[in-house]
Amino acid sequence: MDQSNGYERVAAAFLAGRGRAPSTAVGTREVRDWARTLPPGAAVIDLGCGTGLPITKVLVDEQLNVYGVDAAPSLVEAFRHNLPDVPVACESVVESSFFNRTFDGVVAWGLIFLLQPEEQRYLIQRVADILLPGGRFLFTSSCGTEPLVWNDGMTDLESRSLGAAEYRKLLSEVGLHVTREYEDIGENHYYDTIKATSVNRQE
């Protein structure tokens, strides 16, 4: 089974395009603004990091303590070349150990919708597990807020956005509060969330 959701198969094309994207590419301004809400040196993991360009590089440039996870061996190899000082694991985000640690922030840019619905739900729970109280989770889905199914432009495999109502529900169930939603010039829809610092329990 291809745990890279088809991206190892199209690695050459990806490396020639998005895999070399500059720090001005789509999504970088939004991720940079998000990174600046975290304290310098905060531990952040980039899920589906690809080659590290451009998103992980933005996080590194903001002086964060960055880790990466991606399931495509060719992209991880390029990541190690681009960002040799950043720890990276070649693992599926669904099965990753996430370096057996917790984080102040988690980024999943262009990843969630590549997963099956049950995998998306599981990953959101896992993100909540590895986030410290007060930690932040930023992820993108397709344009707009309605549920949508389409074929990925790189792999031609099915992608699926569960829609804003479902994402808000799933996030709330695991203690993640949506602070902002917005779109970039590429029509990627962002969910900026924060983990509750405490859990209210009824006696």
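Bear in mind these aren't lab numbers, they're just calculated from the coordinates by the rules spelled out. Predicted, not measured: the structure shown is a model, and the values here were computed from it. Glycine also receives a Cβ, built like all others from the backbone with ideal geometry; neighbour counts cover every protein chain displayed.
What longest range of the chain stays clear of loop-exposed trypsin sites (Lys or Arg not before Pro) (DSSP non-H/G/I/E/B, at most 15 other C-beta within 10 angstrom)? Here the longest segment lacking exposed loop sites spans 102-200.
Taking other residues whose beta carbon is less than 15 angstrom from the beta carbon of Leu132, and scoring Lys, Arg as +1 and Asp, Glu as -1, yields +2.
With 0.36 nm allotted per residue and the present C-alpha distance subtracted, the Asp2-Val178 stretch has 60.2 nm of extension available. Over the residues of the chain, the helix contribution to mean residue ellipticity at 222 nm works out to -7500 deg cm²/dmol, using -39500 (n - 2.57) for each DSSP H run of at least 4.
Overall, region 11-195 carries a charge dipole of about 400 debye about its Cα centre when +1 sits on the Cβ of Lys and Arg and -1 on the Cβ of Asp and Glu, all other atoms neutral.
Report the antiparallel proportion of the DSSP beta bridges in region 11-195 as a percent, rounded to a multiple of 5. Expressed as a percentage, antiparallel bridges in region 11-195 total about 50.
Listed values for region 98-105 are Karplus-derived 3J(HN,Hα) couplings in whole Hz (6.51 cos²θ - 1.76 cosθ + 1.60, θ = phi - 60°), namely 6, 6, 6, 8, 10, 9, 7, x, and x replaces Gly and Pro.
Picking from Leu75, Asn151, Val31, whose Cα lies most toward the positive end of the charge dipole for the chain (charges on Cβ: Lys, Arg +1; Asp, Glu -1)? Toward the positive end, the furthest listed residue is Val31. Under a 5 Å amide H cut-off, with hydrogens placed 1.01 Å from N, Tyr67 pairs with Val44, Ile45, Asp46 among residues at least 5 apart or on other chains. Comparing Val149, Val88, Val60 in a Gaussian network model of the chain, where Cα atoms under 10 Å apart are tied by springs, the biggest mean-square fluctuation is seen for Val149. Amide H to amide H, with H built 1.01 Å from N, Gly110 comes under 5 Å of Thr140, counting only residues 5 or more places away or on other chains. Given an 8 Å cut-off on Cα distances and at least 6 residues of separation, report the relative contact order of the chain as a percent. Relative contact order here is 19 percent.
Subtracting the Cα-Cα distance of His81 and Arg20 from their residue separation scaled by 0.36 nm leaves 20.8 nm. Taking 7 Å steps out from each Cα toward its Cβ at Leu148 and Glu119 produces label points 2.0 nm apart.
For region 24-64 versus region 98-149, the inter-centroid distance based on Cα atoms is 15 Å. Among the listed values (1) 29, 18, 14; (2) 24, 20, 16; (3) 31, 23, 19, the one computed from these coordinates for semi-axes √(5λ) of the Cα gyration tensor in Å is (2).
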